[in-house]
Structure formats: C-alpha cells, structure tokens
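First the structure, in the form of structure tokens, and then the observations on it.
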Amino acid sequence: MIASAIDIFCGIGGLSFGLKQAGINVAAGVDVDESCRYPYEKNSQAEFILRDVSNLRGEELNERFWSNDVLKILAGCAPCQPFSAHSNKIRDKTQTRKWWLLREFKRLVGETSPHIVTMENVPNLANQAVFIEFVASLEQSGYCVSYSNVYCPDYGVPQNRRRLVLLASRFGEIYLLPKSHPAGEYATLRQAIGHLPLIEAGEVCKSDPLHRTSKLSPLNLQRIEASRPRGTWLDWSEDLRLKCHRKKTGRTYKAVYGRMAWDEPSPTITTQFYNYGTGRFGHPTQNRALTMREAAILQTFPEDFEFYESEKDISLKRLGAYIGNAVPVELGVVIGESILSHLEVHHGRR
Ligand SMILES: C[S@@+](CC[C@H](N)C(=O)[O-])C[C@H]1O[C@@H](n2cnc3c(N)ncnc32)[C@H](O)[C@@H]1O
C-alpha cells in the first residue's frame with residue numbers, strides 16, 4: 001500500500017515539504033490563500049486546493065486522492081482564528097470559538113478515517129477544551145494518540161520554537177522519534193546564517209533577492225546601534241526609550257527591540273520577524289532586523305526553496321507570513337520519519 005498525505009491548512013507547505021523530504025508521497029494541500037499555490041505546488045509537487053476547509057468534504061478527498069488501496073495520512077496545522085460573526089457553525093463563547101477550525105479537522109477525520117493523523121500547533125492548545133475533545137474523539141474512534149511539546153533545537157532546528165505535535169494511528173502506538181540534538185549541541189545562529197553577505201537596513205542583496213530587510217527609521221537605527229546581543233532596551237539611554245517603556249507598566253516588555261546572539265539558537269520566528277520593534281529580531285552585529293533569507297533558513301527551508309514566481313511578487317508582509325507561519329521543514333521531516341518508522345513496525349512497510 002502506498003502512503004499518501006493530504007495537508008490541510010497547508011500554507012506554502014513547510015510541513016508538506018518536510019513530509020516529502022522524509023519520503024512520504026504528498027497528494028494535495030488545502031488552503032484559502034491563493035497566493036500560496038505557486039510555492040506550494042512548485043516545491044511539494046502536490047496539488048494545491050483553494051478551499052475553506054470548512055467547505056471541504058471527506059468524500060471528495062476519498063474520491064480524488066485516496067482510493068481503497070492507499071494508506072491515508074491526514075496532516076495539518078489548524079490556525080487559531082477568531083470565530084467570525086457571519087459564520088454560524090459554533091455558538092459557544094469559550095476558547096472553542098478561537099479554535100473552531102480544529103473541529104473541522106476532527107470532522108474530516110470522521111469523514112475519511114485516515115490511517116494516520118498528524119497535527120502541529122502552538123503548545124498552549126494542549127490546555128484548550130477543543131483539543132481535549134479532539135484527542136478524545138480520536139481515541140473513541142480507535143486511534144492510538146500521542147502528543148508532546150517539542151523544543152525545536154532538540155531536533156537540529158536553529159530556533160528556539162516550541163510546538164505541539166500530535167500523532168495518531170489506527171495501527172498501534174505511535175510516537176515522535178527521540179531527540180537528535182542534546183543541549184550543548186544545538187545548532188546556532190552563527191552556523192545557520194553566519195555565511196550570508198552583509199547588507200544594510202532597507203537593502204536588497206544583489207545575488208539573492210530574498211536576502212532583503214526592512215528599512216529602519218533614524219531613531220530605530222540609533223536604538224539598534226545602542227543594543228547588544230541578548231540585551232534589552234534597558235541598555236539604551238533614556239532619550240532612546242519608548243514612552244511606554246518609561247512607564248512602570250511597560251518595563252516588563254523586555255523581549256522587543258533586541259539583538260540576537262550568535263552562539264545560540266534564534267528566538268521563535270514570528271510573521272513579524274522583519275520588524276525590529278516586534279521581538280528580538282535585530283542581527284547580532286549588523287544594524288538591521290533579520291532578512292527574509294535569514295528567517296527562511298532559521299525555519300530550515302533549503303536555500304533553493306522557491307518562495308515566489310517572479311521578483312515583483314515579493315512583499316515583506318506576505319513572505320513574512322509564509323515563513324513565520326510555517327512548520328519548520330526539519331520538524332516536518334522528523335514527523336514524516338516518525339510516521340514511516342511506525343509504519344515499518346506496525347504495517348511492514350516503509
Ligand atoms: C499556520 S499556517 C499553515 C502553515 C503550513 N502548515 C506550513 O507548514 O507552511 C495556517 C494556514 O491556514 C490557512 N487557513 C486559515 N483559515 C483557513 C480555512 N478556513 N481553510 C483553509 N485554510 C485556512 C491560512 O491561509 C494559512 O496559510
């Protein structure tokens with residue numbers, strides 16, 4: 001039986017690409033954002049289905065991609081999305097409203113009965129009723145389920161991202177592979193991006209259009225010049241500080257306007273990593289925020305991953321969202337390898 005994955009909420013396919021690198025055939029990805037089509041199809045070589053997952057029926061997936069002789073893997077990363085007033089699907093006023101798309105994931109599991117399910121998300125989802133309900137429903141349907149809070153440097157990702165990873169199988173117990181990198185051997189920022197050409201704030205590298213970063217205002221330039229790796233805005237003179245930081249209540253927000261340090265993993269790459277003021281996204285030695293290329297590498301996208309069809313399609317905001325929202329490719333590989341090693345034991349195939 002051939003294993004075949006469908007990735008719902010696929011984005012540009014960090015997860016799909018990782019599964020494919022691990023050796024899993026990815027049949028299709030589903031997302032509402034048409035702009036993800038080109039990078040998704042180009043890199044994962046799977047069909048991109050433009051669809052709101054809440055309008056996707058399991059029957060369609062079974063008919064189009066999952067014939068009876070296929071081993072079905074349903075993968076995805078349901079985003080946290082405030083429940084919109086014009087949709088009538090869920091009426092309760094709990095956290096479930098924020099995570100209603102996870103219920104759509106659950107519905108699709110019920111409609112397709114995949115052999116394997118995997119889901120990636122933010123760690124605090126594990127405490128939400130909607131996740132507990134998701135796990136209970138899998139168990140009631142006969143799946144063995146495991147989930148853990150994964151610290152990405154433990155798997156070689158040079159970024160201190162933490163993610164919840166769930167694996168479920170109808171064949172028997174399934175777990176994520178053991179950690180591959182002990183503390184002390186974590187991949188560092190220097191190893192990941194230390195080789196890239198120097199560029200200034202607002203500049204685009206001539207040899208690599210993705211190695212580009214946002215402009216800095218004269219005041220923010222002064223601020224980053226006054227910042228040191230791992231330091232905070234408390235290192236700055238009073239005249240450089242933001243009004244809100246001068247107030248007592250603002251003093252707790254230390255992890256903004258910071259510089260990263262060379263010899264440790266980077267902070268979590270968010271969708272705003274190119275914005276120096278939104279986190280510790282200042283380059284350790286150059287006076288600027290991270291470039292698109294640097295963030296992509298920290299998310300373990302290979303350097304030949306194609307993010308855009310033509311240079312005119314490049315927008316910091318859009319690329320920032322693609323990159324910051326992605327499952328790190330290497331984490332996708334670990335998820336894929338975990339599934340394959342489980343199938344080898346429980347299903348006699350790889
Ligand atoms: C966290 S990102 C997924 C990242 C992706 N797994 C990766 O590794 O690159 C969530 C995606 O869900 C998509 N999305 C949000 N609501 C959706 C819906 N109702 N149906 C389908 N896709 C949706 C967004 O467009 C976004 O690309």
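The values are calculated or read from the model by the stated rules, or taken from the named source; none is laboratory data. Note that the coordinates shown come from a computational prediction; the quantities given were computed from them, not determined experimentally. All Cβ positions, glycine included, derive from the backbone under ideal geometry; neighbour counts span all protein chains shown.
Laid out as a table, the results:
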| item | result |
| --- | --- |
| Any hit, the range 117-135, residues being touching a residue at least 60 places away in the same chain (Cβ under 8 Å) and charged (D, E, K, R) | yes |
| Among the candidates 180, 214, 207, residue that is farther than 21 Å from residue 328 by Cβ and touching a Phe, Trp or Tyr at 6+ places or on another chain (Cβ under 6 Å) | 214 |
| Within the range 14-79, helices (runs of 4 or more DSSP H) holding 3 or more residues that are in the same structural domain as residue 341 (by TED's automatic domain parsing) and more than 18 Å from residue 305 (Cβ to Cβ) | 58-64 |
| So residue 109, is it crowded, with 16+ Cβ neighbours inside 10 Å, of a type in the set (A, V, I, L, M), part of a helix (DSSP H, G or I) and within 16 Å of the ligand (Cβ to nearest atom) | yes |
| Count of residues meeting criterion [in contact (Cβ under 8 Å) with a residue 40 or more places away in the chain and touching a Phe, Trp or Tyr at 6+ places or on another chain (Cβ under 8 Å)] in the range 14-29 | 3 |
| Top-ranked residue in the range 13-56 [being among the hydrophobic types (A, V, I, L, M, F, W, C) and out of contact with any Gly (no Cβ under 9 Å at 6 or more places or on another chain); ranked as nearest to the ligand (Cβ to nearest atom)] | 32 |
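Residues checked against (1) within 16 Å of the ligand (Cβ to nearest atom); (2) modelled with pLDDT of 85 or more; (3) out of contact with any Leu (no Cβ under 6 Å at 6 or more places or on another chain):
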position	(1), (2), (3)
60	yes, yes, yes
66	no, yes, yes
71	no, yes, yes
74	yes, yes, yes
88	yes, no, yes
95	no, no, yes
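Residues are listed down the side, and each one gets a yes or a no for (1) more than 14 Å from the ligand (Cβ to nearest atom); (2) farther than 23 Å from residue 80 by Cα:
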{"position": "275", "(1), (2)": "yes, no"}
{"position": "284", "(1), (2)": "yes, yes"}
{"position": "291", "(1), (2)": "yes, yes"}
{"position": "314", "(1), (2)": "yes, yes"}
{"position": "322", "(1), (2)": "no, no"}
{"position": "337", "(1), (2)": "yes, yes"}
{"position": "346", "(1), (2)": "yes, yes"}
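Residues are listed down the side, and each one gets a yes or a no for (1) assigned by TED's automatic domain parsing to the domain that holds residue 73; (2) closer than 25 Å to residue 230 by Cα; (3) modelled with pLDDT of 90 or more; (4) surrounded by 13 or more Cβ atoms within 10 Å (Cβ to Cβ):
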site: 262; (1), (2), (3), (4): no, yes, yes, yes
site: 268; (1), (2), (3), (4): no, yes, yes, yes
site: 287; (1), (2), (3), (4): no, yes, yes, yes
site: 296; (1), (2), (3), (4): no, yes, yes, yes
site: 311; (1), (2), (3), (4): no, no, no, no
site: 340; (1), (2), (3), (4): yes, no, yes, yes
